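Colleague: Here it is, the structure in full.
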Amino acid sequence: MSVYQDIGLKKVINCCGRVTLLGVSTLSDEVARAAVAGGQSYVVIEDLINRAGEIISQYTGGEDSCVASCASAAICLTVAGLISKGKKSIMDRLPNSEGIPNEIVLQKGHSIEFGGTMATMLRIGGGVSVEVGTVNEVVPEDVEGAINEKTVALLYVKSHHCVQKGMLTIETMRDIAHRHQLPLIIDAAAEEDFRKYIAMGADLVVYSGAKALEATTSGFVTGKKEYIAYAKKQYHGIGRPMKIGKEGIMGLLKALDRYENKDREKEVKENLEKVRYLCDEINRIPGLKAVQIQDEAGRAIYRARVTVDTAVSDKKIEDINRELRAGDPIIYCRAEFLNLGELDLDPRPLCEGDKELIVSRLKEIMKG
Ligand SMILES: *Cc1c(COP(=O)(O)O)cnc(C)c1O
């Protein structure tokens, strides 16, 4: 029994991924202990924020970093920082940024929704989202043409949510930004490499704490010292309702330390074995087919893709998904390609015994 069942909620099998919908990830004992210890004494918060920034930067290669309550908050702080440049008179009127440079240029295929839209996150920080190109093609001229005296930054979103074809590369966006003396922000919220984008020359990179790091609910932006100082200042402005607690910060720092020493290859191998188990077992269920696929954004994440064998069954994949979610335990798969008849199973968040339960529930559903 988990604490959630203690308060009357159903058990959940998460084969969806590190998603906010289900609580993103679970804490290791080590991270949980660090968070508890952090919560049990006092500290000067400003000093903690500054020290956390220094420590995070050791893992990213950034000049400095600003800790945040989540990646979305880090985007808001970053944008508000670039617009106000630490000026109190501007900070005090954000998100109203009328009459001052406030435009953030991004490619149309990057204007995503991740539980809220990117345009909303930019607007909270006073930013105006300027989408360029079309959803399937962006050329450098589209970006160049959108840059004017109101532009404060270029934004590149590295995510499986983005359109993957026809978009400009990070290098191209970086070069355009720097040619115009503008910073390039990269939203790498769900990415697994914490050094890569700084090394590529991005000025500011945003990460989520609870996704790849499996930390307490948290996030951060890492990069150029001057811009990070602007972002930190926002805790006296629009950042006030986004504050991260001391326990959350200590959990994040411990998770960064663990991540650096983790055997990631072993983890990928174990996940691949789970995917193979799921595929083998599901292929034995009359009416279902399963194959192994890799993450659209190219991360070392493998999933099992389930489809209905229409020669054998007239069951709709939508109904199978609905029944999985309606049962007890609730089984949550990735439904983003349901419209194409595909249901994806992510092995990473599965707990002991979960994969067997998924197979037996699918057997029941296909019989019923
Ligand atoms: C998850 C995600 C976010 C939001 O991260 P939070 O930490 O949940 O706020 C932003 N951008 C992308 C690309 C994401 O995948």
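The values are calculated or read from the model by the stated rules, or taken from the named source; none is laboratory data. What you see is a predicted model, and the numbers here were worked out from it, not measured in a lab. Positions of Cβ are generated from backbone atoms using ideal geometry, with glycine treated the same way; all protein chains shown enter the neighbour counts.
Colleague: Confirm whether Gly126 is surrounded by fewer than 22 Cβ atoms within 10 Å (Cβ to Cβ), at positive phi and touching a residue at least 12 places away in the same chain (Cβ under 8 Å).
Modeller: For Gly126, the condition - surrounded by fewer than 22 Cβ atoms within 10 Å (Cβ to Cβ), at positive phi and touching a residue at least 12 places away in the same chain (Cβ under 8 Å) - is not met.
Colleague: For the stretch 336-345, what are the residues that are surrounded by 16 or more Cβ atoms within 10 Å (Cβ to Cβ) and either in a helix (DSSP H, G or I) or at pLDDT below 95 (or both)?
Modeller: Leu338
Residues checked against (1) on the phi > 0 side of the Ramachandran plot; (2) touching a helix residue (DSSP H, G or I) at 6+ places or on another chain (Cβ under 6 Å); (3) in contact (Cβ under 8 Å) with a residue 40 or more places away in the chain:
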site: Leu94; (1), (2), (3): no, yes, yes
site: Thr117; (1), (2), (3): no, no, no
site: Val135; (1), (2), (3): no, yes, no
site: Asp142; (1), (2), (3): no, no, no
site: Asn148; (1), (2), (3): no, no, yes
site: Thr151; (1), (2), (3): no, no, yes
site: Ile170; (1), (2), (3): no, no, no
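Colleague: Here are some conditions: (1) touching a Ser or Thr at 6+ places or on another chain (Cβ under 8 Å); (2) away from the ligand (no atom under 16 Å from the Cβ); (3) among the aliphatic types (A, V, I, L, M). Val275 meets all but one. Which one does it not meet?
Modeller: Single failed check for Val275: (1).
Colleague: Filter the stretch 101-134 down to the residues that are of a type in the set (D, E, K, R) and more than 20 Å from the chain's Cα centre (by Cα) and list them by number.
Modeller: Residues satisfying the conditions are Glu103, Glu131.
Colleague: If a residue has to be touching a strand residue (DSSP E or B) at 6+ places or on another chain (Cβ under 6 Å) and either outside the structural domain of Gly53 (by TED's automatic domain parsing) or within 16 Å of the ligand (Cβ to nearest atom) (or both) to count, how many in the stretch 224-243 make the cut?
Modeller: So the count comes out to 1.
Colleague: Could you tell me which of the residues Cys76, Cys66 is in the same structural domain as Lys150 (by TED's automatic domain parsing), within 14 Å of Lys232 (Cα to Cα), in contact (Cβ under 8 Å) with a residue 24 or more places away in the chain and in a strand (DSSP E or B)?
Modeller: On inspection, the qualifying residue turns out to be Cys66.
Colleague: Quick one: which residue in Arg195, Arg174 is assigned by TED's automatic domain parsing to the domain that holds Ser65, more than 14 Å from the ligand (Cβ to nearest atom) and touching a Ser or Thr at 6+ places or on another chain (Cβ under 7 Å)?
Modeller: Only one candidate passes the filter, namely Arg195.
Colleague: Within the stretch 74-115, take every residue that is among the small types (Gly, Ala, Ser) and closer than 14 Å to Tyr230 by Cα and give me the one that is nearest to the ligand (Cβ to nearest atom).
Modeller: Ala74
Colleague: Can you tell me which of (1) at pLDDT below 95; (2) part of a strand (DSSP E or B) is the one Val152 doesn't meet?
Modeller: Unmet for Val152, out of (1) at pLDDT below 95; (2) part of a strand (DSSP E or B): (1).
Colleague: Where residues in the stretch 130-168 are in contact with a strand residue (DSSP E or B) (Cβ under 8 Å, 6 or more places away or on another chain) and basic (Lys, Arg), which of them is nearest to Gln181 (Cα to Cα)?
Modeller: Looking at the filtered set, the residue picked out is Lys150.
Colleague: Go through the stretch 170-216 and give me each residue that's out of contact with any strand residue (DSSP E or B) (no Cβ under 9 Å at 6 or more places or on another chain) and not charged (D, E, K, R).
Modeller: Thr172, Gln181, Ala199, Ala212, Thr216
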